[in-house]
Amino acid sequence: MSTTSSPGGPAVTADPSHDLIARRRRGERRRDRIVLAALVLATLAIGLLALYLGSSSVIFSDTPHGTLGGLLEALRGDGPRAMIVREWRLPRVVAGLAFGAALGASGAIFQTLTRNALGSPDVLGFSTGSYTGVLVVTVLLGAGGLASSDSGLAQAAAALGETGGALLGGIGAAIVVYVLAYRDGIQGFRLIIVGIAIAATLSSVNTFLLLRAKEEVAMAASIWGAGSFDLMSWPALVPALAVLVLLTPAVIVSVPVIHQLELGDDTAAMHGVRVERARRIVLLIAVALVAVCTAVAGPIAFIALSAPQVGRLLVRRPGIPILPAALVGALLLTSADVVSQQLLPQTVPVGMVTVVLGGVYLVVLLVAQSTRALRRRV
């Protein structure tokens, strides 16, 4: 232990352990900034790659300014390739980035509240509930736009109706799961078990609705149900982006409350948090994030499950930070869309790629948890 003196005052004792903790925290903050910057750069790079490749990479081979110059020229609206990039490819890339970030953030919130790596909206049935809501709007009410329309106004109106259906379906599923899982409060494991049961039930309902639908509507709904960006357009995407922009401040404001809930219900209550009320509000925000994505692109599995855990591993911190999870989600979903268009014999819905990758991730996660459990017993 060392001492220092200040002019005109008594000697001040410096505790080496405090200096060590301060240096460690500065090092962690520096490492977090580097990781976040790397994630941002990687996400921008995969976005530019997706814009360049699209369904074919030959359109920029003869540009006088080179590949990047030709791409930027098209983004500015100049040249014959502007429509291809701005109207066909850019909505798809923006959807991958925005929806991936929303799913990653939603997964981080759910996994924090359930304190379980399996606690994602895919597993809890909220994504399936959003799918049910869209099918009800489309099949029973005939108000959706799964069968594409040439009118931009009709596409926007259909997207708005499907977004509303997805929100109501996701929120309805969340209410049912919450009520059935409530026993003097919410426990993560009970919530997951009830969520799995509700998801299975809603999957049966979705199959029933598809069987009752007209053939063309059922085929469009089945393709959309696989999670696809193939029909992505600005009229369909803009309402969803507007909702996500409105939800972003709510997510930011709720972060301190989520951190308090992460410490446990008793600790959060000691800090003045009304636990159940706060949990319901945060759950509503997380469900809305998933529902908006599902309304436009269909249910995309495993991004919300895997992105929070990958983000947590990258920043090496306890808990599940939302910003790294959102960035990883954007990176994963956009990368999966590139894979679905470029690396397979034929283009498939992006949801099929995320299911395959997520299945591998889920097996690795379960094996890792089993291994840790065996080591504890030994």
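The values are calculated or read from the model by the stated rules, or taken from the named source; none is laboratory data. Note that this is a predicted model, so its numbers are computed, not measured. Glycine gets a Cβ as well: all are built from the backbone with ideal geometry, and neighbour counts include every protein chain shown. With ligands, DNA and RNA removed, areas are computed over all heavy atoms of the protein, side chains included. Shrake-Rupley method; radii C 1.70, N 1.55, O 1.52, S 1.80 Å.
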With labels modelled as points extended 7 Å from the Cα through the Cβ direction, what inter-label distance (nm, one decimal) is found for Val348 paired with Ile21? 5.2
Measure out, as a whole number of angstrom, how far apart the alpha-carbon centroids of the range 340-378 and the range 270-288 sit. 30
For the chain: relative contact order, % (alpha-carbon pairs under 8 angstrom, 6 or more apart): 25
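May I ask you to give the solvent-accessible area per residue for the chain, in square angstrom, as obtained with a 1.4 angstrom probe? Each step should come with its number before you reach the end.
Working: 19200 Å² over 378 residues.
Result: 51 Å² of accessible area for each residue.
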Would you mind working out the magnitude of the charge dipole of the range 220-378 relative to its Cα centre, with +1 at each Lys and Arg C-beta and -1 at each Asp and Glu C-beta, to the nearest 20 Debye? 680
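Can you give the FRET efficiency to the nearest 0.05 for Ala82 and Ala37, using r as the Cβ-Cβ distance and R₀ = 30 Å? Mind showing how you got there, number by number?
On the way: r = 31 Å, r/R0 = 1.03.
The computed FRET efficiency comes out at 0.45.
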Sequence order, the range 204-218: Karplus ³J(HN,Hα) from phi using 6.51 cos²θ - 1.76 cosθ + 1.60, θ = phi - 60°, Hz rounded, Gly and Pro as x, gives 5, 4, 4, 4, 4, 5, 5, 5, 7, 7, 5, 4, 5, 5, 5
Return the FRET efficiency for the residue pair Ser370, Arg115: r is the Cβ-Cβ distance, R0 is 25 Å, and the value is rounded to the nearest 0.05. 0.85
Full-extension gain in nm, Leu211 to Gln187, via 0.36 nm per residue minus C-alpha separation: 5.0 nm
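Could you please state how large a percent of the accessible area of the range 163-266 is carbon and sulfur, counting protein chains only and using a 1.4 Å probe?
That fraction is 72 percent.
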³J(HN,Hα) computed for each position of the range 78-88 - Karplus, 6.51 cos²θ - 1.76 cosθ + 1.60, integer Hz, glycine/proline x: 9, x, x, 8, 4, 5, 4, 6, 7, 9, 9
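Ratio of the chain's C-alpha Rg to 2.2 N^0.38 Å, to two decimals? Please list the in-between numbers first.
Values: Rg = 23.4 Å, N = 378, 2.2 N^0.38 = 21.0 Å.
Taking the Cα Rg and dividing by 2.2 N^0.38 Å, one obtains 1.11.
What is the dipole size for the chain, taken about its Cα centre, with +1 at each Lys and Arg Cβ and -1 at each Asp and Glu Cβ, in debye to the nearest 20?
Details: 29 positive and 20 negative charges, 291 e Å.
Its charge dipole is roughly 1400 debye.
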Could you compute how much accessible surface Thr294 exposes when probed at 1.4 Å, giving the result in Å² to the nearest 10? 0
